[in-house]
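Reading through the structure tokens given below for one structure.
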Amino acid sequence: MNVDPNYLQQLAAALSRTTAQQQNLSSQISSGVRLTGLGDDPVAAAQNVQFSAQIAADSVFTQTAATTTAKMQVADSTLGSVVDQINQAISVATAGNNGTNNAGDRSSVAAELTTIRDEILGLANTSYSGKYLFSGSQNNSPPFQLDSSTSPATVTYSGDTVVNYVSTPGGQSIATNVPGQQIFTAAGGDLLGTLNALIQGFSTGDTATTSALTSQLSTALSQLSTQRASLDGSINRLQSASTYALQERTRLVANQTDLLQADLPTVATQLSSSETQQSALESVIVAIEQQGTLFDRM
């Protein structure tokens, strides 16, 4: 009996494919993973790469957001302390402007305002993890320096006006700082400059200017409140973006698990079917080989 060699080759190839399929299915059952290489499912493998990239991006962002939010919250708390000091300065200066104070009283007011100014100056030079919060991008050294040799004393700002940003996985840019110049020495709301002028005015008894300067403290307070509101808004946006990224990461990890995880009942059924197919192919091949041997003997 002559058997078409191509037919035998086709049977052998089918048996080889079935054997390889069994090995793959057995591996899925033992490992619980259905994708072990690109060839298993190119579309799913590409999707897995996308999942992994986004999961990594979300992880990095949530870590960055946590440390950045902590820094921003310290800055916000610091500005809250500055607000308390400004209100105290307004109260002290207002009392000093009542028109009944003598030189000793005015000197005491100047001393109190000096203490408040020094406290605010210290707050303006607050650092977090070795970096100064209100110096823009020049955050390796204190941004504000006091020169008491002038009359009135002066404060210089050595930082810059750079606003730093963090980018969310969705492409949103969120400001993470407020340069100190916009808070403590801003034109039209020069907090430290106004305090120095007030200290000078009460020290010299120049009550003609101290009332106007006291009003300028309220202007400086308003300026600071505006900047602080901007910082608070950035904190809220950053926390919301971090929450979204964390939720997205959790969802993507679940989707990736579903993508990679083998459906064991289905795989077991497929393995049983493959084993049946292999047995049938082997039986056909053996039968053909036996028939060929029998005819060869006749």
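The values are calculated or read from the model by the stated rules, or taken from the named source; none is laboratory data. The model shown is predicted, which means the values in this text are computed figures rather than measured ones. Methodologically, a virtual Cβ is constructed for each residue, glycine included, from the backbone with ideal geometry; neighbour enumeration extends over all protein chains shown. These accessible areas exclude ligands, DNA and RNA; they are computed on the full protein's heavy atoms, side chains included. Shrake-Rupley method; radii C 1.70, N 1.55, O 1.52, S 1.80 Å.
So here's what we get for this one:
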quantity	calculated
Qualifying residue in the stretch 133-144 (condition: free of Cβ contacts under 8 Å to residues at least 12 places away in the same chain and more than 27 Å from residue 207 (Cα to Cα))	yes
Some residue of the stretch 190-197 being open to solvent by 30 Å² or more (accessible area, probe 1.4 Å), of a type in the set (D, E, K, R) and either within 17 Å of residue 152 (Cα to Cα) or free of Cβ contacts under 8 Å to residues at least 60 places away in the same chain (or both)	yes
Evaluation of residue 208 against (1) open to solvent by less than 50 Å² (accessible area, probe 1.4 Å); (2) hydrophobic (A, V, I, L, M, F, W, C); (3) over 30 Å from residue 61 (Cβ atoms) (one fails), failing number	(1)
Meets criteria (part of a helix (DSSP H, G or I), modelled with pLDDT of 95 or more and touching a Pro at 6+ places or on another chain (Cβ under 6 Å)) for residue 239	no
Test result for residue 124, surrounded by fewer than 20 Cβ atoms within 10 Å (Cβ to Cβ) and at pLDDT 95 or above	no
Of all residues in the stretch 217-244 being surrounded by fewer than 19 Cβ atoms within 10 Å (Cβ to Cβ) and of a type in the set (D, E, K, R), the one that is farthest from the chain's Cα centre (by Cα)	232
Failed item in (1) part of a loop (DSSP other than H, G, I, E, B); (2) surrounded by 15 or more Cβ atoms within 10 Å (Cβ to Cβ), with residue 155 passing the rest	(1)
Among the candidates 109, 82, 92, residue that is touching a Gly at 6+ places or on another chain (Cβ under 6 Å) and surrounded by 14 or more Cβ atoms within 10 Å (Cβ to Cβ)	109
Every pair of residues 6+ apart whose Cβ atoms lie under 8 Å, when the first sits in the stretch 66-83 and is part of a helix (DSSP H, G or I) while the second is surrounded by 15 or more Cβ atoms within 10 Å (Cβ to Cβ) and among the basic types (Lys, Arg)	76/228; 79/228; 80/228; 83/228
Top-ranked residue of the stretch 167-183 - restricted to ones that are surrounded by fewer than 20 Cβ atoms within 10 Å (Cβ to Cβ) and not polar (S, T, N, Q), ranked as modelled with the highest pLDDT	175
